[in-house]
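**Q** Supplied in structure tokens, the structure appears directly below.
The values are calculated or read from the model by the stated rules, or taken from the named source; none is laboratory data. Keep in mind that what you see is a predicted model, and the values were worked out from it rather than measured. All Cβ positions, even for glycine, are placed from backbone atoms using ideal geometry, and neighbour counts span all protein chains on display.
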Amino acid sequence: MKKLLIFIASLFLVFSLGACGPKEEKQVEITFKQNKPEIDGQLQAYARAYEEATGVKVNVVSCGGSSCSLGDMLRSDYAAGQLPEIFPIDGIESYNEWDTVIADLSGETWVKDTELGFTVDGKIVGFPVNIEGWGMAYNADLLAQAEIDPTTLTNYDAYVAAFEKLDGMKAELGIDSVVSMAAGPGMYWVTAHHNFNSLLSNGLPYGDLSVVNALLAGNIDDTRLSEYADWVNLLFQYADRTVLTTGNYDSQVGAFLNQKAVFIHQGNWIDGNLTSATFNMAFAPHGSSKSNTDGIFVGAPAWYVINKEAPNAEAAKDFLDFMVYNELGHKYMVEEAGMIPAFTNITLKPKGKLSQSVMEWNQAGKIYTWNQYNFSGDFRDNTLGPIYNQLASGSATVEQFKDLFKQALLDNAN
């Protein structure tokens, strides 16, 4: 009986030691939602590498393009109490939507290594995703064949002459159009976002908001607007009609890739779609002015922000810090995603030819600001976008386009 009692007591001891022993820690997880589906594969791979290196699991969700609205997704997340640790903003409008949950990142280490952090009231609140730029991307080989020097394309009249010459050489060059341009529904980000910025900042010192502030106040420079309208009309006149009015991103980029157009109105983000290209390419300035404007539009396209209310907000900060200061992060940004890093400590250079061109313009200091986000997304997409579409479809003349555009700006100021 005594042996039995000793045995039972020993069993209790074993169970009690097991119950009091160390518990396996739950893995830290963060959710990262972003709006560039074209880099989803690269970002997913980087997240797996980060987990292997740190033990922190990163759930990447990509939502963008014409099939998914990240803004709508985030609003649903917020309503459900599931807003992710990391998500992007593209300017002051989206910052204002989420300002109550966005963390102050001023104390983060990476702040000292970039000039492009998103700043509000003297605080750094956004991590610059990368540097992007756009002008008029051109096929350097076709221009050489036509004996056109791209360095001369710095004003409206130079583009008129070049476009006329190229249009007369369609058969010889094997092209369908001079320009690959899209202006239909679903592509208003090309016109009412990127092209619109030509009116707002072309030819102005970097950071200059004089035209923006004037337009927001309803003060319109008729000469500047008229020259801009002529530029838009020129691009549309020399574009393939199908791509212009009904084309999507793939058809627009495909025409340039297949050398069926000499120019394309896009930015260096299309490098990933041009990996099979066999021709040289670079950027020329926009010709939206009679005066010379020797520069392209360069800036941070978006910023990652941290949801300070998320349970693993500190882990999310560590994830961004790792991207800047670890070789895995450098390789992801530059070699895998093909981005131009916004941080001075990163020395890797992208392979994409258009990205290299952006870097060259940036290093030369020949850059103009991205000012389109000083206007609301609703105004750009729902008011200006259809006006561009009217000109593209032929339902409005260039003079009517100018009048419609001017009235829209005046109404927006009221």
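**Q** I'd like to check something: does region 79-100 contain any residue that is among the small types (Gly, Ala, Ser) and surrounded by 19 or more Cβ atoms within 10 Å (Cβ to Cβ)? Spell out the reasoning first.
**A** Step one: list which residues in region 79-100 are among the small types (Gly, Ala, Ser), which gives 79-81, 91, 94.
Okay, now just the ones that are also surrounded by 19 or more Cβ atoms within 10 Å (Cβ to Cβ), so 91, 94.
Yes - at least one qualifying residue is present in region 79-100.
Every residue, every condition in (1) surrounded by 21 or more Cβ atoms within 10 Å (Cβ to Cβ); (2) within 22 Å of the chain's Cα centre (by Cα); (3) of a type outside the set (Lys, Arg), yes or no:
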{"residue": "Ala364", "(1), (2), (3)": "no, yes, yes"}
{"residue": "Trp370", "(1), (2), (3)": "yes, yes, yes"}
{"residue": "Asp378", "(1), (2), (3)": "no, yes, yes"}
{"residue": "Asp381", "(1), (2), (3)": "no, yes, yes"}
{"residue": "Leu384", "(1), (2), (3)": "yes, yes, yes"}
{"residue": "Gly394", "(1), (2), (3)": "no, no, yes"}
{"residue": "Asp403", "(1), (2), (3)": "no, no, yes"}
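**Q** For region 367-407, what are the residues that are touching a Leu at 6+ places or on another chain (Cβ under 6 Å) and of a type in the set (A, V, I, L, M)?
**A** Correct list: Ile387, Ala392.
**Q** Are any of the residues in region 24-46 part of a loop (DSSP other than H, G, I, E, B), among the small types (Gly, Ala, Ser) and out of contact with any Phe, Trp or Tyr (no Cβ under 8 Å at 6 or more places or on another chain)?
**A** Within region 24-46, none of the residues are part of a loop (DSSP other than H, G, I, E, B), among the small types (Gly, Ala, Ser) and out of contact with any Phe, Trp or Tyr (no Cβ under 8 Å at 6 or more places or on another chain).
**Q** Contact list please: Cβ distance under 8 Å, first residue in region 246-270 and under 10 Å from Ala182 (Cα atoms), second residue at pLDDT 95 or above and among the charged types (D, E, K, R), pairs at least six apart or on different chains.
**A** Listed pairs, sorted by first residue: Gly247/Asp240.
**Q** Among (1) assigned to a loop (DSSP other than H, G, I, E, B); (2) of a type outside the set (Lys, Arg); (3) touching a strand residue (DSSP E or B) at 6+ places or on another chain (Cβ under 6 Å), where does Leu320 come up short?
**A** Every condition holds for Leu320 apart from (1).
**Q** For Gly365, all conditions in the list (1) within 30 Å of Asn292 (Cβ to Cβ); (2) of a type in the set (Gly, Ala, Ser); (3) in contact with a helix residue (DSSP H, G or I) (Cβ under 9 Å, 6 or more places away or on another chain) hold save one; what is the number of the exception?
**A** Every condition holds for Gly365 apart from (3).
**Q** Answer with yes or no whether Glu335 is under 24 Å from Phe256 (Cα atoms), among the charged types (D, E, K, R) and in contact with a Pro (Cβ under 9 Å, 6 or more places away or on another chain).
**A** Numbers: under 24 Å from Phe256 (Cα atoms): yes; among the charged types (D, E, K, R): yes; in contact with a Pro (Cβ under 9 Å, 6 or more places away or on another chain): yes.
Judged against the criteria, Glu335 is a match.
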